[in-house]
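All remarks here apply to the structure that follows.
Nothing in this text is a laboratory measurement; each read-out follows from the coordinates by a stated rule. Note that the structure is predicted; figures quoted are calculated from it, not measured. All Cβ positions, even for glycine, are placed from backbone atoms using ideal geometry, and neighbour counts span all protein chains on display.
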Amino acid sequence: MPRKTARAVPCRITVCRDCCCGTAKISGVDHAGQTARLRADAQVRVSECLGFCDQANVIVVQPSSAGRAKGARPVWLALVNSPEATEDVAAWVRAGGPGVAPLPDVLDLHTFTPPRRIRAGLPGATRQ
């Protein structure tokens, strides 16, 4: 019987677009343009509030199947509010993202670790 081959899954990006992220509260950011730019390089999911309004715009980069096979976990990025930061995220994802390509130093400045209850997606844990 032929062996099944695992299908390669690319990096995915989740962008918070709710009460603060993706709204006029974060002025000077082309939120629709940012989402469109990221979609040029990855699958993008738009999320309701991820619960970190004080760090808007929040973006989560999910590792590809290759990255997960190397033990990579999602990388949470805060304050992604400039075209340059958006380009840095896009370039990292193109290079392979978490577990495949090293995190660029400039993006290291944007990383944060959410509390475990948020990462686990427990009910009631997605709002501040």
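In whole Hz, with x marking every Gly and Pro, tabulate ³J(HN,Hα) for region 61-67 from phi via Karplus 6.51 cos²θ - 1.76 cosθ + 1.60, θ = phi - 60°.
These are the phi-based 3J(HN,Hα) values: 9, 8, x, 6, 4, 5, x Hz.
Enumerate by residue number the trypsin sites (Lys or Arg not before Pro) in region 41-114 meeting two conditions: DSSP loop (anything except H, G, I, E, B), and at most 15 other Cβ atoms within 10 Å of the site's Cβ.
LYS70
Compute, for the chain, the length of the dipole vector about the Cα centre, with Cβ point charges of +1 (Lys, Arg) and -1 (Asp, Glu) only. Units Debye, rounded to 20.
Details: 17 positive and 10 negative charges, 187 e Å.
Dipole size: approximately 900 debye.
Add -39500 (n - 2.57) for each DSSP H run of 4 or more in the chain, then divide by its residues: what number comes out at 222 nm, to the nearest 500 deg cm²/dmol?
Numbers: 5 runs with 35 residues, N = 128.
That comes out to -7000 deg cm²/dmol.
What does the C-alpha gyration tensor say about the overall shape of region 22-61? Classify as rounded when a/c is under 1.5, otherwise prolate if a/b is larger than b/c, or oblate. Present the calculation step by step, with values, prior to reporting the outcome.
Values: a/c = 2.37, a/b = 1.30, b/c = 1.83.
Taking the square roots of the gyration eigenvalues as a ≥ b ≥ c, region 22-61 is oblate.
I'd like to compare 30-39, 54-63: which one has the highest average count of other Cβ atoms within 10 Å, and what's the full order after that?
Details: 30-39: 15.1, 54-63: 22.0.
Answer by packing, highest mean first, reads 54-63, 30-39.
Does the chain come out rounded, prolate or oblate, given a ≥ b ≥ c as the square roots of the eigenvalues of its C-alpha gyration tensor, rounded meaning a/c under 1.5 and, failing that, prolate meaning a/b above b/c? Each step should come with its number before you reach the end.
On the way: a/c = 1.86, a/b = 1.44, b/c = 1.30.
The shape class here is prolate.
Loop-only check: which GluC sites (Glu not before Pro) in region 23-116 are DSSP coil with at most 14 other Cβ within 10 angstrom?
In loop regions of region 23-116 (DSSP not H, G, I, E or B), the sparsely surrounded GluC sites (Glu not before Pro) are GLU48.
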